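First comes the structure, then the notes that go with it.
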Amino acid sequence: MNIDYNETIPNNVGLADDRRLLRALERWQPAYLQWWNDVGPVETSDFEVYLRTAISVDANGWAHYGHLRMPEYRWGIFLTPPEENRQIAFGQHKGEPVWNDVPGEYRTELRRLIVTQGDTEPASVEQQRDLGRTCPSLYDLRNLFQVNVEEGRHLWAMVYLLHAHFGRDGREEADEMLERHAGDPDKPRILEAFNESTDDWLSFFMFTYFQDRDGKFQLAALAESGFDPLSRTCRFMLTEEAHHMFVGESGIMRVVKRTCELMREHDSEDVRPHGGIDLGTIQKFINFHYSICLDLFGSERSTNAANYYSMGLKGRYQETKIDDDHVLTDAHVIVPRVEGDHIATEEMAALPAMNLKLREDFAMDSQRGLNRFNKAIREYGLDVELTLPDPAFNRNIGIFRDINATPEGRLISDDEWQTRKYDWLPSPDDYAFVRSLMVPVIEPGKMAGWISPPKRGIHGKPIDYDYVLFH
Ligand SMILES: [Fe+2]
Ligand SMILES: [Fe+2]
């Protein structure tokens, strides 16, 4: 399925044949570009960036690579091709043909799911807007911008669904996507993790490791949807998401390696005097980002989540590979429960525990990368392990919101939390130190001192390639 680039909005959804929809999206397009210029990457409109652009949604060769100015990136609407005779895989409509139009009775729920997902996309661009000024290398600068333009495209993907399927309400929601802003006290983004600042590159790599992985799991659950346009949209977004997580995982890995190198060289855990980020600080950043991302999955007990599943709107991760009845009306799961000064467990119905299921899949996936970091640390002969904090640590949503816990999951008093929280979370001093390392390196092939070079360049290009041209 090739993409039509002759249109003002590249697409593979036959936009040319739907003049009303095309006109509505053409009206939204200048507002989008204005948003990109106002709150997208700072002072970058002249940069020519070596970017990939989707040219086809087929698995082989969907991307074209070349230098271009970001405001000229061809943001468009790409859905994976429809699967013939696809059926709803779960919930009370299991076995029925998928919907190509929004079922009237589920309109509110579907719109809410799409708006919540859509809102995170421009939020991340806003959160990352200043990072270009302090890139550790041209290679990294290019990766940042690639992620940014693709998050912009993800917004297009959700806005298309709103415009195509939700009439006037949808158009209003699409406008509001550009009116809320990350961290804006009056009109913040919907989810809290998307209002945090991301103004150093360690935070950026953590963001693309954890927040983008939350994105992967949300998109994967929506890709199971009985509403086929949503499913097909999310399937294509997932191909882009994979690169974002690569940026995160390889970024953290390169920081860890550089730190280990410095630890060996100076025979000390304290690599700060040598311009490295000590493993203790890296652990604190992991603790912070992981815990705020667990909140993104919502409460462990959620009627909304149960409804989304039963209605066939949002499935589980890899729903069709799970061996059960995919209806789950009789199924039960074990969930944690705060009992006095410790955490016990209890049994509850599986349907309202959908958020917890997705969160646990996310946790397992997050651990896999940590295992790779730890393997690298061991290869330097060092006896340190990076870990994910307990789900009870630093939480604002769900079962653990009213308690305090250590990263090991031991419940502690408010007082102890207040005195010790910066043993576990980045303190203002930690942030200040990390920020002090953020000096731009823009000579091709050169790397900042706190990060090791990547294994290879992008798309077969050497590491010292001119990934970004300044004018
Ligand atoms: Fe995204
Ligand atoms: Fe992403």
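Derived from the Cα gyration tensor, the three semi-axes of the equivalent ellipsoid of the range 79-238 are 31, 18, 13 Å, largest first. Loop-located GluC sites (Glu not before Pro) across the range 374-439 with a Cβ neighbour count of 16 or fewer within 10 Å are Glu385, Glu408, with loop assigned by DSSP. Beta bridges from DSSP with both residues in the chain: antiparallel share about 90 percent, rounded to the nearest 5.
One quarter of the surface of the convex hull around the alpha-carbon atoms of the range 269-416 equals 11.5 nm², the direction-averaged projected area.
The H on the amide N of Ala350, modeled in the peptide plane, is under 5 Å from the matching H of Ala331, His332, Val333, each at least 5 residues off or on a different chain. Listed values for the range 154-165 are Karplus-derived 3J(HN,Hα) couplings in whole Hz (6.51 cos²θ - 1.76 cosθ + 1.60, θ = phi - 60°), namely 4, 4, 4, 4, 6, 5, 4, 4, 5, 5, 6, 10, and x replaces Gly and Pro. One Cα centroid belongs to the range 328-400, the other to the range 152-189; the line between them spans 32 Å. Applying a threshold of 31 Å to the alpha-carbon distances of Lys216/Lys455; Lys284/Lys375; Lys187/Lys455; Lys257/Lys321; Lys284/Lys321 flags Lys187/Lys455; Lys257/Lys321; Lys284/Lys321 as lying beyond it. Could you run the Debye sum over the Cα atoms of the range 408-471, one equal point scatterer each and no solvent, and tell me log10 of I(q)/I(0) at q = 0.12, 0.14, 0.16, 0.26 Å⁻¹, two decimals? For the range 408-471, the Cα-only Debye profile gives -0.57, -0.65, -0.72, -1.13.
Normalised by residue number, the volume inside the convex hull of the Cα atoms of the range 174-311 is 137 Å³ per residue. Phi angles across the range 318-335 convert, under the Karplus curve 6.51 cos²θ - 1.76 cosθ + 1.60 with θ = phi - 60°, into 3J(HN,Hα) values of 6, 3, 6, 8, 7, 9, 7, 7, 6, 10, 6, 5, 9, 7, 10, 9, 9, 10 Hz, Gly and Pro given as x.
For the range 15-138, the dipole from Cβ point charges (+1 on Lys and Arg, -1 on Asp and Glu) about the Cα centre works out to 140 debye, to the nearest 20. Give the shape of the range 286-372 as rounded, prolate or oblate, defined through the alpha-carbon gyration tensor: a ≥ b ≥ c are the square roots of its eigenvalues, a/c under 1.5 means rounded, and otherwise the shape is prolate if a/b is larger than b/c and oblate if not. Verdict is oblate for the range 286-372.
With contacts taken as Cα pairs under 8 Å at a separation of at least 6 residues, the chain carries a relative contact order of 19 percent. Computed from backbone phi, the HN-Hα couplings of the range 399-412 come to 3, 9, 5, 9, 10, 10, 9, 6, x, 7, x, 7, 6, 9 Hz, rounded to whole numbers (Karplus: 6.51 cos²θ - 1.76 cosθ + 1.60, θ = phi - 60°; Gly and Pro given as x).
Against the empirical 2.2 N^0.38 Å (N residues), the range 322-387 has a Cα radius of gyration ratio of 1.60. The equivalent ellipsoid that matches the C-alpha gyration tensor of the range 185-259 spans semi-axes of 26, 19, 7 angstrom, in descending order.
Projection of the Cα convex hull of the range 91-133, averaged over all directions and equal to a quarter of that hull's surface, yields 4.6 nm².
Can you give the net charge of the other residues whose Cβ lies under 14 Å from the Cβ of Glu84, counting K and R as +1 and D and E as -1? Net local charge, Glu84 excluded: 0.
Under 20 Å from a label point set 7 Å out along the Cα-to-Cβ vector of Asp46, the amide N atoms of the range 436-471 belong to 440-444, 466-471. Per residue, the average separation of C-alpha pairs within less than 8 Å and at least 6 apart gives the range 239-315 a relative contact order of 15 percent.
Could you estimate the translational diffusion coefficient of the chain from the Stokes-Einstein equation, with Rh from the Kirkwood formula over C-alpha pairs, at 25 °C and 0.890 mPa s, in whole µm²/s?
Rounded, D is 105 µm²/s.
Computed over the range 43-89, the P(r) tail beyond 12 angstrom holds 70 percent of alpha carbon pairs. Each peptide in 173-182, 14-23, 314-323, 279-288 gets a packing score, the mean of other Cβ atoms within 10 Å over its residues, and the list from highest to lowest is 279-288, 173-182, 314-323, 14-23.
Its convex hull of Cα atoms gives the range 1-119 a direction-averaged projected area, equal to a quarter of the hull surface, of 9.9 nm².
Each reported figure results from applying straightforward, stated rules to the coordinates on display, with no laboratory input. Model, not experiment: these values are computed from the prediction. Cβ coordinates were reconstructed from backbone atoms using ideal geometry, including for glycine residues, and neighbour counts include every protein chain displayed.
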